[in-house]
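Report on one structure; see the data block that follows.
FYI, it's all coordinate maths here, none of it is from the lab. All values derive from a computational prediction rather than experimental measurement. Every residue, glycine among them, receives a Cβ derived from its backbone with ideal geometry; neighbour counts consider all protein chains shown.
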Amino acid sequence: MSSKKLQYERPVIQKLNVGLMNKFGTRTEYTPLTHIDGNSVRDLLGKFGSPLFVISERTLRRTFREANRAFKTRYPKVQFAWSYKTNYMNAVCNAFHQEGSWAEVVSGFEYEKALNNGVPGNKIIFNGPDKTEAELKAAIANNSMIHIDHLDELYLIKELAMESNKKPRVAIRVNMDTGVYPMWDRFGFNYENGQAWDAINKIMLNDKMELVGLHAHIGTFMLTPSAYGMAASKLSHLALEIKKKYKKSVQYIDMGGGFASKNTLKGSYLQGIDASPTFDQFAESICTSILNAGFTDTDLPLLILETGRALIDEAGYLLGTVVSNKRLSDGRRATILDFGVNILFTSFWYDHKISPAQEFSQYTEDAVLYGPLCMNIDVIRENITLPPLKRDDHVVVHSVGAYNMTQWMQFIALRPAIVMIDKDGNSHIIRKRETLDSIEKDEVLPKYLKDFKL
Amino acid sequence: MKLKKNLALSDSGFVFDPSTGDSFSTNPIGLEIIRMLKEGKNANDIKSQIVKTYMTDDASFEKDFYDFVNMLTKHNLVEGEKEKN
């Protein structure tokens, strides 16, 4: 009897505002995403629980190869270094290492992770403003590239170099005006006011250290490729001046990261897919600047890229389930999902694309999407047009591969599992769902607080 | 409750209110409910009809039905007193 019944859809009615701008945006998110690389969303959630992060290895490798091709077709010596902070799941890091990426780390924790993953010490770039003495000693012993952020660090390395039989391989991070706002001048040494030259002179005149490179990282989610061209020109100029003054060639120029992914920033008029430059545009700007700077072909430095977000964002999905629907006092539909800003940190600055994971008719409703946290700030999308979702329906959030799996918070709930789907479509769990035990294992309860009577 | 008498409905889910000039779009189930309301059916009749035809249950539909009726009221498509049952 029940098999004869028709598919049920919640009744909806929507006023038509002909000729008016629709503040809920364009019709882009109605097409359901029922499968990821051949795996049904429903089956994945059934097997690994909801919510669930999914990483498509196929997309990860395809994106890397696209970026690699964009640079290698324009410049003879290119090296990518995987930005651990963007996503340091070991499976993700190793997929990038298999593609040939070195490691770029910004803390002792990440440095250890890279070593444990099997990255040779001399292929680890150690960035960041806080490297402890012990971490610097290890980096010197392992021949890693140490990118100096401030003079205190420079002097500390100098001291350590005197005690060591190894010559630290160092680079300086240079900040500069590239015509974009805000200028990231809190990291490294400034180009325009001479701080960078001062640091270079201090290194070059010290025979205990070797200046191997110059590094810049001009911002994050950069939408202007020409700013990279400007930065590459300024670093090239420094490298050429070092050659002139000290007769020494700098081995590499590291352009850092910051390339925008295809996500849509909040408040952006255009969708990210239209607003974000392609790898080719970034590559054209950077490579042209270095090639035209005046290096001889033997002095052409290695070009290192630490891009993270643009390489992994698109490969990540967050799968979740509808908890409830309600109507707000102003008549707007509110849908509560089983994941919130605790695990989708990037919803603070992106209007993530969210698709239903099952077929619907073409009717839609304007809605607000909330997470399950008992907090007012837990908003996944302030306004979105979606089909009439009902309790237990599934949704898929697109492009969540960058930063969510490193910046997520263990707040009032357990963090979900992460699954990687390999290039043949097989799913592999790469991080288990947390348990109460895994959270409490490092807690220590003093004996006198053990018992109580209520 | 009673819907405004002169609402114009099309088979594709287009609803026109000639008294205000407002137009609306509704999905097939919404259209079916509006038609039943126009025929004067009460909430229980509508519920049993929908539950018989579609893959849903009394509790789920009742929740959706009252939300839908609230939206009809908000859109000014209802006239007269709410039905008491």
Exercise for the section: Note down the relative contact order for the range A:209-295 as a percent, whole number, built from C-alpha pairs under 8 angstrom at least six residues apart. Expected result: 40
Problem - Residues listed by number, the range A:214-238, amide nitrogen under 20 Å from A:Leu270 label point at 7 Å toward C-beta - result: A:219-230
Fill in the blank from the handout: Over all directions, chain A yields a Cα convex hull whose mean projected area in nm² is 29.8
Completion exercise
Taking placed amide H atoms and a strict 5 Å upper bound, the residues 5 or more places from A:Thr321 or on another chain that come that close are A:Asp338, A:Phe339, A:Val395
Exercise for the section: Only loop residues by DSSP count here, and only those with at most 13 other Cβ atoms within 10 Å; note down the trypsin sites (Lys or Arg not before Pro) in chain B that meet that. Expected result: B:Lys5, B:Lys82, B:Lys84
Completion exercise
The exposure ranking of A:His428, A:His394, A:His97, A:His237, fewest beta-carbon neighbours within 10 Å first, is A:His428, A:His237, A:His97, A:His394
Problem - Nearest-ten-degree value, helix B:43-53 long axis tilted from longest Cα axis of chain B - result: 70
Fill in the blank from the handout: Nearest-0.05 FRET efficiency for A:Glu359 and A:Leu302 at R0 = 35 Å, using Cβ-Cβ distance, is 0.10
Exercise for the section: Mind checking A:359-368 for the average number of partner chain beta-carbons within 10 Å of each residue's beta-carbon? Expected result: 2
Exercise for the section: Mean Kyte-Doolittle of at least -1.0 plus a Cα span of 15 Å or more along the axis: flag which DSSP H helices in chain A meet both, please. Expected result: A:151-163, A:225-246, A:279-291
Completion exercise
The residues A:Asp330, A:Asp254, sorted from fewest to most surrounding Cβ atoms within 10 Å, come out as A:Asp330, A:Asp254
Problem - Per-residue Cβ neighbour rank within 10 angstrom, fewest leading, A:Tyr448, A:Tyr317, A:Tyr246, A:Tyr155 - result: A:Tyr448, A:Tyr155, A:Tyr246, A:Tyr317
Completion exercise
Expressed as a whole number, the average count of other chain Cβ atoms within 10 Å around the Cβ atoms of A:78-90 is 0
Handout entry: Whole-Hz couplings from phi, Karplus 6.51/-1.76/1.60, listed for the range A:292-306; x for Gly and Pro
Key = 8, 6, x, 6, 6, 5, 7, 9, 4, x, 5, 9, 9, 10, 10
Fill in the blank from the handout: Contact order relative to length for chain A, counting C-alpha pairs under 8 Å separated by 6 or more residues, stands in percent at 21
Problem - Centroid-to-centroid separation of the range A:97-113 and the range B:1-54 [C-alpha atoms, Å] - result: 61
Fill in the blank from the handout: Violations at 22 Å Cα threshold for listed pairs A:Lys137/A:Lys202; A:Lys326/A:Lys432; A:Lys77/A:Lys137 -> A:Lys326/A:Lys432; A:Lys77/A:Lys137
Practice task
State, as an integer percentage, the relative contact order of the range A:58-313 based on alpha-carbon contacts under 8 Å between residues 6 or more apart.
Solution key: 20
Problem - Within the range A:390-454, GluC sites (Glu not before Pro) in DSSP loop having at most 16 other beta-carbon neighbours inside 10 Å - result: A:Glu434, A:Glu443
Fill in the blank from the handout: Expressed as a whole number, the average count of other chain Cβ atoms within 10 Å around the Cβ atoms of A:406-413 is 0
